[in-house]
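The values are calculated or read from the model by the stated rules, or taken from the named source; none is laboratory data. Please read all numbers here as calculations on a predicted model, not as lab measurements. Glycine gets a Cβ as well: all are built from the backbone with ideal geometry, and neighbour counts include every protein chain shown.
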Amino acid sequence: MRDMTTAYNQLSGRSIERVNTLVDGVFAIAMTLLVLDLRLPAESAESNHALWDQLAGLAPQLAAYALSFTMLATFWLALHTLLRLCSGSDRHLVWACLAFLFFVTTLPFTASVLADHMHLALAVGLYWFNLAMLGVCLAWVVAHVNRARLVDEEGQPGMVLVRRRLVLAQALYAVAALGALLNPVASIVALAVVQLFFVFSPRLPWRV
C-alpha cells in the first residue's frame, strides 16, 4: 500500500501548465466576483441628482473594489512570475498553490466586509489577515520550489527578486493595517498608497 501511495504521489501534480490554467481561472472568477458588490439601491432614481447621490453612495464599495482588484492582480503577477521560473511541478507545489487560491477566493468576501464597515478596525484587520495568508501561502510556494529544486540556476536571480518583493509587500501591508488601531479609514488609505507603489513599481535605489 505504501508503495502504491508513493508511486501515486510521484506521478500526481506534474503538469505546471495545468497549475497555471487553474490559477488563471480562479483569479478570473475572484476578480469578477468583486464587482458584484457594486449595486445601486433597489429604489429607482427619478432625477440626475438622485442618481448622482446613489452613485456617490457607492464610494466605499468602489474603493474596496479598486483596492482589491489591484491586490489580486499583484498576487496573480507574483505567482505567475514564480511558476514561470519553475521547470516542473509536483504534488506538494500543487497543494501549496491550492492553499494560496483558497485565500484568493475569500478576498471578495473580506473586501465586501471592508466596504460595508470601513470605520471598524476589525474589518481592516480581517482584510489584512486575508492578505497576510496570501503572503504566507506564497512563501510556502517559494520555500517548496527551492527545497524541491524546481528552479534551475538560471532562474535563481528571479527567485531572489520574488522573495524580496514578497517580504517588502507583506511588511508594508502590515504597517498600513496596524494604523487601523488609530484610524481605520486612514489605514485603508495607507493600504491603497502601498498598493499604488506595487502597481507602478517606481525605480528604487535598491532592487525589489
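Which ones in the stretch 144-164 are under 21 Å from S87 (Cβ atoms), part of a helix (DSSP H, G or I) and basic (K, R)? Before you say what the answer is, go through the steps one by one.
From the stretch 144-164, those under 21 Å from S87 (Cβ atoms) are 144-163; that's our starting set.
From what's left, part of a helix (DSSP H, G or I): 144-147, 153-163.
Those that are under 21 Å from S87 (Cβ atoms), part of a helix (DSSP H, G or I) and basic (K, R): R147, R163.
Of the candidates V124, V104, the single residue that is touching a Pro at 6+ places or on another chain (Cβ under 7 Å) and either among the small types (G, A, S) or within 20 Å of L72 (Cβ to Cβ) (or both) is V124. Collect the residues in the stretch 119-132 that are under 16 Å from the mean Cα position of the chain (by Cα) and either under 13 Å from I188 (Cα atoms) or crowded, with 17+ Cβ neighbours inside 10 Å (or both), keeping them in residue-number order. Within the stretch 119-132, V124, G125, L126, Y127, W128, N130, L131 meet the criteria.
Looking at the stretch 148-164, is at least one residue in contact with a Gly (Cβ under 6 Å, 6 or more places away or on another chain), at pLDDT 90 or above and within 16 Å of F197 (Cα to Cα)? No, there is no match, as no residue in the stretch 148-164 is in contact with a Gly (Cβ under 6 Å, 6 or more places away or on another chain), at pLDDT 90 or above and within 16 Å of F197 (Cα to Cα). For D116, only one of the following conditions fails: (1) closer than 21 Å to M31 by Cβ; (2) under 18 Å from the mean Cα position of the chain (by Cα). What is its number? For D116, the failing item is (2). Out of curiosity, is A50 surrounded by fewer than 15 Cβ atoms within 10 Å (Cβ to Cβ), in contact with a Ser or Thr (Cβ under 9 Å, 6 or more places away or on another chain) and either assigned to a helix (DSSP H, G or I) or modelled with pLDDT under 95 (or both)? Yes: the conditions hold for A50.
Inspect all residues belonging to the stretch 123-143 and state whether any of them is part of a loop (DSSP other than H, G, I, E, B) and within 20 Å of L83 (Cβ to Cβ).
Quick first cut of the stretch 123-143, residues part of a loop (DSSP other than H, G, I, E, B) only: none.
No, that holds for no residue.
Among the residues making up the stretch 72-86, a single one is out of contact with any Phe, Trp or Tyr (no Cβ under 9 Å at 6 or more places or on another chain) and either outside any helix (DSSP H, G or I) or farther than 16 Å from T21 by Cα (or both): C86.
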